[in-house]
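S.K.: Can you keep this structure in mind? I'll have questions shortly.
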Amino acid sequence: MNSSKSAFIATVAVALLAVAAAVFAFWNIKEDEPEFNFIGGNDNNYRPSYVLEDEMFTAAEQIITNNHTLIRLYITHGVPVIREPYANTTDRPLGNPPEDGYFYSASTEFKTFEDVEALVRNTFLPEEAERVLNNRLDSGEPYYSGFGRIYGEKRANSDGITLGINEQFALAMHPYPNQSGDYHISWADVGFDLIALSDTECELRIRLAINGEPDIIERRMTNYDGGGWRLDKLIHE
């Protein structure tokens, strides 16, 4: 290993395993002993300390796991909802449409909008967090689906739940979890390459399958104002 060479790429395998019968899948990350390979070509001759290397890898693993949880939360699964009155098996499987357009959450993990918001803001840089929360690109077009804003705040019900779920999204995911839809990214076997650019910035090359073929999605990870590592963009395309 030649420590005088400037940039490093290290590969860590990330295995994401679903826990059966959970409202959300919780994911265990298995890390093999990393082998560090140094390459030339980076003009800044940057090499992090071993302590910072460990911090970067730990943060990247957590951020990728968070991203997958948010894909399930916002795109592929949502959360179970509480039926409104007069539910039937024909035209109103979840009951009367709620007046404000949001069903109450029936999740044991996500009961308030703050539960969702905290996960988003602890995963992404502020500008990207706003796009995820509001499902809106700068152009005003929907970011990741055509349902509009997925989650909102409601008046607390008798159980103290305030998290609301967009009624069209909830219906599309009914019965929960609705496994009929196919998502183009497979999270069954995910890994990443990490390239440290400075004490506060890394490049991530996330290795996964898209439409059944091995592919790589590139993202940046930044230690934002010293408050923790954040991803620049949702990993979803």
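S.K.: Mind checking whether some residue in region 145-160 is of a type in the set (A, V, I, L, M), part of a helix (DSSP H, G or I), buried (at least 18 other Cβ atoms within 10 Å of the Cβ) and modelled with pLDDT of 95 or more?
M.R.: No, because not a single residue in region 145-160 is of a type in the set (A, V, I, L, M), part of a helix (DSSP H, G or I), buried (at least 18 other Cβ atoms within 10 Å of the Cβ) and modelled with pLDDT of 95 or more.
S.K.: Return a yes/no flag: does region 131-140 have any residue that is at pLDDT 95 or above, touching a Leu at 6+ places or on another chain (Cβ under 8 Å), charged (D, E, K, R) and closer than 30 Å to Leu204 by Cα.
M.R.: Yes, region 131-140 contains at least one residue that is at pLDDT 95 or above, touching a Leu at 6+ places or on another chain (Cβ under 8 Å), charged (D, E, K, R) and closer than 30 Å to Leu204 by Cα.
S.K.: When the residues of region 98-117 are narrowed to those that are in contact with a Lys or Arg (Cβ under 9 Å, 6 or more places away or on another chain) and not in a loop (DSSP other than H, G, I, E, B), which ends up surrounded by the most Cβ atoms within 10 Å (Cβ to Cβ)?
M.R.: Ser105
S.K.: Does Gly78 satisfy the criteria of being open to solvent by less than 50 Å² (accessible area, probe 1.4 Å), without any contact (Cβ under 8 Å) to a residue 40 or more places away in the chain and of a type outside the set (A, V, I, L, M, F, W, C)?
M.R.: no
S.K.: Among the residues of region 173-182, are any closer than 21 Å to Phe124 by Cβ, surrounded by 13 or more Cβ atoms within 10 Å (Cβ to Cβ) and in contact (Cβ under 8 Å) with a residue 12 or more places away in the chain?
M.R.: no
S.K.: Sticking with this one: Is it true that Glu128 is in a helix (DSSP H, G or I) and open to solvent by less than 60 Å² (accessible area, probe 1.4 Å)?
M.R.: yes
S.K.: Which of (1) touching a Phe, Trp or Tyr at 6+ places or on another chain (Cβ under 6 Å); (2) part of a loop (DSSP other than H, G, I, E, B); (3) open to solvent by 30 Å² or more (accessible area, probe 1.4 Å) is the odd one out, the single condition Gly95 does not satisfy?
M.R.: Tallying (1) touching a Phe, Trp or Tyr at 6+ places or on another chain (Cβ under 6 Å); (2) part of a loop (DSSP other than H, G, I, E, B); (3) open to solvent by 30 Å² or more (accessible area, probe 1.4 Å), Gly95 fails exactly one: (3).
S.K.: Is it fair to say Leu137 is loosely packed, with under 13 Cβ neighbours inside 10 Å and in contact with a Phe, Trp or Tyr (Cβ under 6 Å, 6 or more places away or on another chain)?
M.R.: yes
S.K.: Let me ask you something else. Can you spot a residue in region 77-87 that is in contact with a helix residue (DSSP H, G or I) (Cβ under 9 Å, 6 or more places away or on another chain) and not in a loop (DSSP other than H, G, I, E, B)?
M.R.: Yes: region 77-87 contains one or more residues that are in contact with a helix residue (DSSP H, G or I) (Cβ under 9 Å, 6 or more places away or on another chain) and not in a loop (DSSP other than H, G, I, E, B).
The values are calculated or read from the model by the stated rules, or taken from the named source; none is laboratory data. Keep in mind that what you see is a predicted model, and the values were worked out from it rather than measured. Glycine also receives a Cβ, built like all others from the backbone with ideal geometry; neighbour counts cover every protein chain displayed. The protein model used for the area step is the full one, side chains on, heavy atoms only, and it has no ligands, DNA or RNA in it. Shrake-Rupley method; radii C 1.70, N 1.55, O 1.52, S 1.80 Å.
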